[in-house]
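Peer 1: Once you've had a glance at the structure underneath, I'll fire off some questions.
The values are calculated or read from the model by the stated rules, or taken from the named source; none is laboratory data. Because the structure is a prediction, the values reported are computed rather than measured. FYI the Cβ positions are ideal-geometry reconstructions off the backbone, even for glycines, and counts take in every protein chain you see.
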Amino acid sequence: MDHIVLEKIPHKRIRTFIQEQIENDVQSVKDLEVSFNLGDSTKEFRKHEKIFLANHNIEDVWNFYNTTGPNKVFKDKLVSFSLMLSKKKESEVLYKDEPFSKAEIGQVYFMNLNIFKGLLQIAVSYEIVEINEVEKKITFSYIKGGKSIGFQQIYMKSLGDNETQIIHTTYYRSNSIMRDRYMYPYFHSKVLKEYHSSMIDFMRVKLSN
């Protein structure tokens with residue numbers, strides 16, 4: 001993890017989170033552990049789901065979501081992109097303003113969540129654990145050490161030639177009942193709205209050119 005240049009990370013909470021991981025004997029990107037593995041039981045987790053609609057065919061939507069980095073769609077409002085690491089290419093680090101190629105299994109994203117207009121900063125980290133082009137499904141699991149454990153999944157369904165339904169499902173749990181029942185679903189809904197609305201608007205502009 002010493003290949004990370006902390007000075008290039010604009011968010012103090014993310015720098016602290018990475019330093020905490022190193023102190024917990026995380027020496028390389030591969031040492032970062034996911035909090036949920038594919039196939040694990042979701043029985044003890046809460047479920048959150050939101051549905052969005054894109055007026056484009058499913059192949060265009062799928063390709064756009066896979067080739068547009070979070071640094072393009074998160075614009076420092078509720079969520080800010082900090083950096084991306086890769087378990088497959090350990091020397092690779094994508095900082096905030098650098099060009100993004102495409103989503104790949106093993107990529108680990110670090111995001112800074114701004115609560116109450118920035119009075120509370122929360123570090124969020126997750127790893128892409130599945131990209132299923134046939135089923136049009138992307139799954140990412142929270143990294144251990146954050147506030148929540150569990151996973152998120154984006155699933156796309158064609159509703160016609162130029163209409164695609166985007167279903168974002170999350171299974172989550174923390175050590176706080178209050179947080180899980182009230183805070184997480186409220187702020188997570190806002191995050192998903194910011195992400196998917198920005199992505200769909202960005203897609204509309206790009207595909208109309």
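Peer 1: Test L38 against the stated conditions and say whether it is under 20 Å from I138 (Cα atoms) and surrounded by 15 or more Cβ atoms within 10 Å (Cβ to Cβ).
Peer 2: Taking the combined requirement at face value, the residue does not satisfy it.
Peer 1: Taking segment 1-19 as the search range and keeping residues that are loosely packed, with under 13 Cβ neighbours inside 10 Å and among the charged types (D, E, K, R), which one is modelled with the lowest pLDDT?
Peer 2: The residue in question is D2.
Peer 1: Write out, first by first residue and then by second, each pair whose Cβ atoms fall under 7 Å of each other, whose residues are 6+ apart or on separate chains, and whose first residue, in segment 175-189, is in contact (Cβ under 8 Å) with a residue 40 or more places away in the chain while the second is outside any loop (DSSP other than H, G, I, E, B) and among the basic types (K, R).
Peer 2: Close Cβ pairs (under 7 Å, with a partner that is outside any loop (DSSP other than H, G, I, E, B) and among the basic types (K, R)) amount to D180/R46; D180/R173; S189/K50.
Peer 1: Mind counting the residues in segment 20-32 that are within 30 Å of P185 (Cβ to Cβ) and either exposed (fewer than 11 other Cβ atoms within 10 Å of the Cβ) or touching a Gly at 6+ places or on another chain (Cβ under 8 Å) (or both)? Lay out the reasoning, then the answer.
Peer 2: Initial filter on segment 20-32 (within 30 Å of P185 (Cβ to Cβ)): 20-21, 24, 26, 32.
Okay, now just the ones that are also either exposed (fewer than 11 other Cβ atoms within 10 Å of the Cβ) or touching a Gly at 6+ places or on another chain (Cβ under 8 Å) (or both), so 20-21, 24.
Counting residues in segment 20-32 that are within 30 Å of P185 (Cβ to Cβ) and either exposed (fewer than 11 other Cβ atoms within 10 Å of the Cβ) or touching a Gly at 6+ places or on another chain (Cβ under 8 Å) (or both) gives 3.
Peer 1: Sticking with this structure for a sec: Looking at (1) among the small types (G, A, S); (2) modelled with pLDDT of 95 or more; (3) touching a helix residue (DSSP H, G or I) at 6+ places or on another chain (Cβ under 8 Å), which is the only condition G146 fails?
Peer 2: For G146, the exception is condition (2).
Per-residue answers, yes or no, for (1) of a type in the set (S, T, N, Q); (2) within 16 Å of H188 (Cα to Cα):
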site: H56; (1), (2): no, no
site: V61; (1), (2): no, no
site: L78; (1), (2): no, yes
site: S91; (1), (2): yes, no
site: F100; (1), (2): no, no
site: L120; (1), (2): no, yes
site: E127; (1), (2): no, no
site: I138; (1), (2): no, no
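Peer 1: Name the residue, out of N57, N66, that is touching an Asp or Glu at 6+ places or on another chain (Cβ under 9 Å) and over 21 Å from I143 (Cα atoms).
Peer 2: Numbers: N66 fails: over 21 Å from I143 (Cα atoms).
Matching residue, one of N57, N66: N57.
Peer 1: If you don't mind, another one. Suppose we filter segment 186-203 for residues that are surrounded by fewer than 17 Cβ atoms within 10 Å (Cβ to Cβ) and in contact with a Lys or Arg (Cβ under 8 Å, 6 or more places away or on another chain); how many remain?
Peer 2: 4
Peer 1: Just a yes or no: is a residue in segment 82-103 modelled with pLDDT of 95 or more, closer than 20 Å to K136 by Cα, surrounded by fewer than 18 Cβ atoms within 10 Å (Cβ to Cβ) and not basic (K, R)?
Peer 2: There is no residue in segment 82-103 that is modelled with pLDDT of 95 or more, closer than 20 Å to K136 by Cα, surrounded by fewer than 18 Cβ atoms within 10 Å (Cβ to Cβ) and not basic (K, R).
Peer 1: OK, next. Select the helices (runs of 4 or more DSSP H) contained entirely in segment 1-86, then report the ones holding at least 1 residues which are of a type in the set (D, E, K, R) and touching a Leu at 6+ places or on another chain (Cβ under 7 Å).
Peer 2: Details: elements: 12-23, 58-67, 70-73.
Answer list for segment 1-86: 12-23, 58-67.
Peer 1: Is it the case that segment 173-182 has a residue that's modelled with pLDDT of 95 or more and under 15 Å from the mean Cα position of the chain (by Cα)?
Peer 2: no
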